Every structure is written in structure tokens, then in C-alpha cells.
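Notes for the one structure printed next.
The values are calculated or read from the model by the stated rules, or taken from the named source; none is laboratory data. Predicted model, so just to flag it, every value in this text is computed and none were measured. Backbone-built Cβ (ideal geometry, glycine too); neighbour counts: all protein chains shown.
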Amino acid sequence: MARILVVDDEPSFRTFAALVLEIAGHQTTLAVDGLDALDAPGPFDLLLTDLMMPRMMGDELARHMRQRDPTVKVLYLTGHPEELFKDERMLFAGEVVLKKPISPELLEDTVSLLLSACIAHTVAAAPSAER
């Protein structure tokens, strides 16, 4: 069982992610933004964070979390993945970016692979409805 910190300013997404992860057997702690997350009692195996949030962006939160624990894995779930790379930023080992919306299966599979170190980093979009 992994300890996962879920950080998103959208209550419906926090609830969705927590439900998917808890059904998969993980323990979740929820936070409404980066500042709230920094007060959460850790340590955590995985930080699941939105990128665009008020008061603190997800990538800034990830930097703070990695200063506390360099082994924490980071999963960015965002509707705007291009924002993460606008300054030609590279992902660190143990970081993954997925574009919202996301299916429960993709969330569960990505978390499992990230925690087991089977993937180092990737950027993925939700499957397109267009064919």
C-alpha cells in the first residue's frame, strides 16, 4: 500500500482520484492546493498534483516535496501539460505527466507503473474520441 498525496483545486477531481486510488489499495491524503499540501503529514510515496492551481503551481509544490524527500514520485495531471514545458523544462526521473481528463484505468495503471519504477517519465494524453 502506497501513501499518496492528491492535490487539486477541483473537489470533484480530488474525490475521483481518491476513490480510484483507495479502491486500488492505496492510502490517500487530500489537499486543495500546494500550500495546503505542504502541511500534510508525510512522508508520501507519490505526489499526484494538478499543475495549474491558485497560491502555488504543481511544479513548485513538486520541487518543495522533492527537497523534503528526493525519492517521492510525482504524477502531474493537468489540462495544460504545455505549461509544464514552456521554459523547456525537462521531467526528472520519477515524474510523469498525464493530460486530463483521465480514465480510472489509466490513473490506476500509471500510478502502479510509476510506483514500481517501470516507467521513468512520460507525457500522455487521454485517448481521443476522434477517429
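Is there any pair with a first residue in the range 58-82 that is charged (D, E, K, R) and a second that is loosely packed, with under 14 Cβ neighbours inside 10 Å whose Cβ atoms are under 6 Å apart and which are 6 or more apart or on different chains, and what are they?
Close Cβ pairs satisfying both conditions: Asp69/Pro43.
Residue check: is Arg55 not hydrophobic (A, V, I, L, M, F, W, C) and not in a loop (DSSP other than H, G, I, E, B)?
The answer is no for Arg55.
Is the range 9-27 home to any residue that is over 23 Å from Ser103 (Cα atoms) and surrounded by fewer than 21 Cβ atoms within 10 Å (Cβ to Cβ)?
Looking through the range 9-27, none of the residues is over 23 Å from Ser103 (Cα atoms) and surrounded by fewer than 21 Cβ atoms within 10 Å (Cβ to Cβ).
State all residues of the range 40-49 that are modelled with pLDDT under 95 and either surrounded by 15 or more Cβ atoms within 10 Å (Cβ to Cβ) or charged (D, E, K, R) (or both); if no residue qualifies, say none.
Gly42
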